[in-house]
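What follows is a short report on a single structure.
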There are 2 protein chains.
Amino acid sequence: MFVTCLDLEGVLIPEIWINIAEYTKIENLKLTTRDEPDYDKLMKRRIKILNENDISLNQIQKIIKGMSPLPGSKEFLRWLHNYSEILILTDSFIEFAKPVVRALGDYTLFCHNLETDEEGKITNYSLRLQNMKKITTRKLKEMNFNVIAVGDSYNDIEMLKEADFGILFRPPKNVSEEFSQFPIVTEYLELKDQIKRILEI
Amino acid sequence: MFVTCLDLEGVLIPEIWINIAEYTKIENLKLTTRDEPDYDKLMKRRIKILNENDISLNQIQKIIKGMSPLPGSKEFLRWLHNYSEILILTDSFIEFAKPVVRALGDYTLFCHNLETDEEGKITNYSLRLQNMKKITTRKLKEMNFNVIAVGDSYNDIEMLKEADFGILFRPPKNVSEEFSQFPIVTEYLELKDQIKRILEI
């Protein structure tokens, strides 16, 4: 029996921080783990920038509400759900991810969460689980699931390695070059073909 | 962060085997674990009865297709999904459960599966995991989720015990008497109230 674990940003929806940066016109919010590899430092920096600019969680949620899933992602999930259970695994936060995941359907979302003060300002973030994507994949395998994992960037690699089948979806060049053991797809149609081959359908 | 694990039959949809028994007018298919506590013996007996009566998986799936979710269950899940992730855990089989779960929404289903021959006759069943409900609950807790479990009968008790919060939904009298440590609800409105109290909303 199959479970497919999918990364959210870049695979099913656009990058959330890029959208926030564009909407607020704050260039520094475009920084990613490629610019600051230490995720904790990066997140603390982002939170600092938001507070310096007086941007509350509520305002960010309004920006996110305006985001649409990537074209074709909803139909892809609907197709996939005929053959495999689906879990969406993201290192983002439920306060950001939940509304846009619900626009995709009633899928299950495993992620982290933010901390806010009384005024609705983001004060910190809380990781529910270190190495969440990898550990979730491992536990699914321990429950005798065959796991397909789909991701696009560095923080997905451990999940892809742990899964029975790992697929890179629209990875940046450095990721696809460094992890050439995984098949690379750029369209949902190709992703479907890869999954069909795995499922032998 | 919360995950709610819900049993399927009796909690969200009617009992599948009862429906099959009524539709096929085969009284013996109404037997449950209350009549035959050994699940393996019970399932082998059911499969034998189906084959003696020339009933294929395809025919059963047509019967199941005609089943509706319990009134109110869909709305309940939609409400719950605002506050908690949702997993549907059933000791039934994907070939039976999947179509009726999809009628509820795109929720994640953890279950077992059937084996069939070329003619589509059910030859055996395969448990993906022994004590699936309990083990899934335990692994979710290991992933730092707070787990609410909702079930109605004996095969849910270990899950309810393992969870942070266990709730009995419309249990038979012997179950509610034997496991009086769990709150008992008979309507979705009461179930919502119990969950609201747990989530402090």
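Tell me yes or no: at least one residue of segment B:54-73 is within 18 Å of the chain's Cα centre (by Cα), farther than 18 Å from B:ILE122 by Cβ and either acidic (Asp, Glu) or in a helix (DSSP H, G or I) (or both). Yes, because at least one residue in segment B:54-73 is within 18 Å of the chain's Cα centre (by Cα), farther than 18 Å from B:ILE122 by Cβ and either acidic (Asp, Glu) or in a helix (DSSP H, G or I) (or both). Among the residues of segment B:58-82, those that are open to solvent by 20 Å² or more (accessible area, probe 1.4 Å) and in contact with a strand residue (DSSP E or B) (Cβ under 7 Å, 6 or more places away or on another chain) comprise B:PRO69, B:LEU70.
What do you reckon, is A:ASP193 assigned to a helix (DSSP H, G or I) and either touching a residue at least 60 places away in the same chain (Cβ under 8 Å) or touching a Leu at 6+ places or on another chain (Cβ under 6 Å) (or both)?
Numbers: assigned to a helix (DSSP H, G or I): yes; either touching a residue at least 60 places away in the same chain (Cβ under 8 Å) or touching a Leu at 6+ places or on another chain (Cβ under 6 Å) (or both): no.
Taking the combined requirement at face value, the residue does not satisfy it.
Evaluate segment A:71-84: report whether one residue or more is of a type outside the set (Gly, Ala, Ser), farther than 30 Å from B:VAL100 by Cβ and modelled with pLDDT of 95 or more. Lay out the reasoning, then the answer.
Quick first cut of segment A:71-84, residues of a type outside the set (Gly, Ala, Ser) only: A:71, A:74-83.
Next, from what is left, pick out any that are farther than 30 Å from B:VAL100 by Cβ: A:71.
Subsequent filtering for residues that are modelled with pLDDT of 95 or more retains A:71.
Yes, that holds for at least one residue.
Out of all the residues in segment A:89-108, is one or more over 23 Å from A:GLN61 (Cβ atoms), of a type in the set (Gly, Ala, Ser), in contact with a strand residue (DSSP E or B) (Cβ under 6 Å, 6 or more places away or on another chain) and within 14 Å of another protein chain (Cβ to nearest Cβ)? Scanning segment A:89-108, I find no residue that is over 23 Å from A:GLN61 (Cβ atoms), of a type in the set (Gly, Ala, Ser), in contact with a strand residue (DSSP E or B) (Cβ under 6 Å, 6 or more places away or on another chain) and within 14 Å of another protein chain (Cβ to nearest Cβ), so the answer is no. Looking at segment B:110-168 only, could you name the residues that are touching a Ser or Thr at 6+ places or on another chain (Cβ under 7 Å), under 18 Å from B:ASP91 (Cα atoms) and at the interface with another protein chain (Cβ under 9 Å from one of its Cβ atoms)? Across segment B:110-168, the qualifying residues are B:PHE110, B:CYS111, B:HIS112, B:ASN113. For A:PRO183, the conditions (1) under 26 Å from A:PHE96 (Cα atoms); (2) of a type outside the set (Asp, Glu); (3) in contact with a strand residue (DSSP E or B) (Cβ under 9 Å, 6 or more places away or on another chain) all hold with the exception of (1). Checked against (1) assigned to a loop (DSSP other than H, G, I, E, B); (2) open to solvent by less than 30 Å² (accessible area, probe 1.4 Å); (3) modelled with pLDDT under 95, A:ILE201 meets all criteria but (2).
Within segment B:1-51, which residues are under 19 Å from B:ARG78 (Cα atoms) and of a type in the set (A, V, I, L, M)? Break it down stepwise before answering.
The initial filter retains those residues of segment B:1-51 that are under 19 Å from B:ARG78 (Cα atoms), namely B:1-14.
Result: B:MET1, B:VAL3, B:LEU6, B:LEU8, B:VAL11, B:LEU12, B:ILE13.
Every residue, every condition in (1) under 17 Å from the mean Cα position of the chain (by Cα); (2) more than 15 Å from A:VAL3 (Cα to Cα); (3) not assigned by TED's automatic domain parsing to the domain that holds A:ASN82, yes or no:
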site: A:GLU158; (1), (2), (3): yes, yes, no
site: A:PHE169; (1), (2), (3): yes, yes, no
site: A:ASN174; (1), (2), (3): no, yes, no
site: A:THR186; (1), (2), (3): yes, yes, no
site: A:LYS192; (1), (2), (3): no, no, no
site: A:ILE195; (1), (2), (3): no, no, no
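Collect the residues in segment B:169-192 that are in contact with a Ser or Thr (Cβ under 9 Å, 6 or more places away or on another chain) and within 14 Å of B:LEU12 (Cα to Cα), keeping them in residue-number order.
At the first step, the residues of segment B:169-192 found to be in contact with a Ser or Thr (Cβ under 9 Å, 6 or more places away or on another chain) are B:169-172, B:175, B:182, B:184, B:188.
Once the filter is applied, which keeps residues that are in contact with a Ser or Thr (Cβ under 9 Å, 6 or more places away or on another chain) and within 14 Å of B:LEU12 (Cα to Cα), segment B:169-192 yields B:PHE169, B:ARG170, B:PRO171, B:TYR188.
Within segment B:3-35, the only residue that satisfies the criterion of being open to solvent by 40 Å² or more (accessible area, probe 1.4 Å) and either of a type in the set (Gly, Ala, Ser) or touching a strand residue (DSSP E or B) at 6+ places or on another chain (Cβ under 7 Å) (or both) is B:GLU15. Every test in (1) in contact (Cβ under 8 Å) with a residue 12 or more places away in the chain; (2) under 25 Å from B:LEU129 (Cα atoms) is passed by B:LYS48 save one, and that test is (1).
Take A:LYS25 and tell me if it is more than 26 Å from A:PHE169 (Cα to Cα) and modelled with pLDDT under 95.
Working: more than 26 Å from A:PHE169 (Cα to Cα): yes; modelled with pLDDT under 95: no.
Taking the combined requirement at face value, the residue does not satisfy it.
The values are calculated or read from the model by the stated rules, or taken from the named source; none is laboratory data. Because the structure is a prediction, the values reported are computed rather than measured. Cβ: placed from backbone, ideal geometry, glycine included. Neighbour counts: every protein chain shown. Only protein heavy atoms, including side chains, enter the accessible area calculation; ligands, DNA and RNA are left aside. Shrake-Rupley method; radii C 1.70, N 1.55, O 1.52, S 1.80 Å.
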